[in-house]
Amino acid sequence: MDRDMRTIGEKGFLPFLADVEASALSEIFWTVTLPQNLETSSVNSPAFNTFLAAQIHMNCNSMLMNGIKVADLITISGDVHHIFPRSYLKIMAWIIKQNIIRWQTIFILIRW
């Protein structure tokens, strides 16, 4: 942190921010690191919460709740569920030889 503050003092904040973004958010981050971080069943992971924040920022509609925005589901405490039953995912994971049971990309927000 001291080094960061020193660099900000030397370069200024915007050039420092540009350098950090260029190094931390490279093409490798978007194509490898982030998809790997989404391979978890935890709905409290930073990657999944960032995914939800991006959907809210882009004013996305929810997938199965016609006319309801993702932001509305978050605000009213929508539940997060797997799109497919766990037993089905176990069969499919065996067939395609991947552990898709834990993938966050198969989660969906719903409102009861």
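The table below lists the values:
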| read-out | value |
| --- | --- |
| In segment 25-64, the residues that are more than 30 Å from T75 (Cβ to Cβ) and among the hydrophobic types (A, V, I, L, M, F, W, C) | I28, V32 |
| Members of segment 30-51 that are touching a residue at least 24 places away in the same chain (Cβ under 8 Å) and part of a helix (DSSP H, G or I) | A47, F48, F51 |
| Test for P15: is it surrounded by 10 or more Cβ atoms within 10 Å (Cβ to Cβ) and either part of a strand (DSSP E or B) or over 16 Å from the mean Cα position of the chain (by Cα) (or both) | yes |
| Selection within segment 42-79 - more than 12 Å from the chain's Cα centre (by Cα), of a type in the set (G, A, S) and either modelled with pLDDT of 80 or more or on the phi < 0 side of the Ramachandran plot (or both) | S62, A71, G78 |
| Residue pairs meeting the criteria (Cβ under 6 Å; at least 6 apart or on separate chains; first in the same structural domain as M5 (by TED's automatic domain parsing), in segment 15-29; second modelled with pLDDT of 85 or more and part of a helix (DSSP H, G or I)) | F16/T7; F16/I8 |
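The values are calculated or read from the model by the stated rules, or taken from the named source; none is laboratory data. As the structure is a prediction and not an experimental result, all values here were calculated from the model. Here Cβ is always computed from backbone atoms with ideal geometry, including for glycine, and neighbour counts include all displayed protein chains.
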